[in-house]
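Derivation of every value follows stated rules applied to the coordinates shown; laboratory data play no part. Because the structure is a prediction, the values reported are computed rather than measured. Because the Cβ atoms are built from the backbone with ideal geometry, glycine has one as well, and the counts that use them run over all protein chains shown.
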Amino acid sequence: MTEKLLTELLRNYKAGRMTEEATLARLKNLSLQVENFGFASIDHGRELRQGFPEVVYSPGKTKEQLKTIFKNLYERSAGNLIASRASREQFDFLRDEIPEATFDETARMIYVDRDKTLKRDEGRKILVVTAGTSDIPVAEEARLAAYLWGNAVGTCYDCGVAGIHRLFAHMDEITSANVIIVVAGMEGALASVVGGLTNRPVIAVPTSVGYGASFQGLAALLAMLNSCAAGVCVVNIDNGFGAGVLASKINRVR
């Protein structure tokens, strides 16, 4: 259900073409619309409830399953679309069916950027900061997710605590951002440092970047959870998408 169809429903009620009872019944059902394909139940009401269509997690799905789900969402929704953690092979399989689809190799994301109603507010920018270059794939997932949800997004990459003067060179961007996403592996210290430099919400994303004792990101996760900086929240290891969506939801609050 799109905003256009919802508007049409309300106009029909206003014009007397639908009773109050019939309109209420339709409204109750709209946000719960599910289409079942056996291997997937597609939530078509999510765009109405949350402002963005259902996002498809690609790993574990065959090329045929992903194409069926993504094409169905493309045809029955009006907003931007995301298939996260996708492969080039999956994208090549569906691209002929959905010519608007684009693949971002770094973010590992298939997406459709088609919502022309979005107005990205440069005065409420989301800033994505990484400790190192190796953290960029997770950061790009966060950046692209936040952008597709309708936000202006900036980046400051490779400015971790091992050369902290690199971070201080970006103080203007840090102090002017409305929400900051900090992506770091190794010891995960960057989130605490940034949290101490700003009064804005900081979303920390631990990555699985690091040597043996980093335990595939567990060390960074625990360090971020134990941050002494106030106003730092933490998402799961390598969850750039989750950080981008959370930042977007925070950014929408006025």
Protection proxy (average C-beta count within 10 Å per residue), highest first, orders 111-122, 82-93 as 82-93, 111-122
First check a/c for the chain, with a ≥ b ≥ c the square roots of the eigenvalues of its C-alpha gyration tensor; if it is under 1.5, answer rounded, and if not, answer prolate when a/b is larger than b/c or oblate otherwise.
prolate
If a/c stays under 1.5 just call it rounded; otherwise compare a/b with b/c (prolate if a/b is bigger, oblate if not). Do that for region 33-117, with a ≥ b ≥ c from the square roots of the Cα gyration tensor eigenvalues.
oblate
Which angle from 0 to 90°, rounded to the nearest 10, does the C-alpha axis of helix 240-252 make with the longest principal axis of the chain?
70
In order through region 14-24: 3J(HN,Hα) via Karplus (6.51 cos²θ - 1.76 cosθ + 1.60), integer Hz, x for Gly, Pro:
4, 7, x, 7, 9, 6, 4, 5, 5, 5, 4
Using each residue's phi in region 213-219, evaluate 6.51 cos²θ - 1.76 cosθ + 1.60 at θ = phi - 60° and report the 3J(HN,Hα) Karplus result to the nearest Hz, with x for Gly and Pro.
6, 6, 6, 6, x, 5, 4
Please work out whether region 117-170 counts as rounded, prolate or oblate from its C-alpha gyration tensor, where a ≥ b ≥ c are the square roots of the eigenvalues and a/c under 1.5 means rounded, while otherwise a/b larger than b/c means prolate and anything else oblate?
oblate
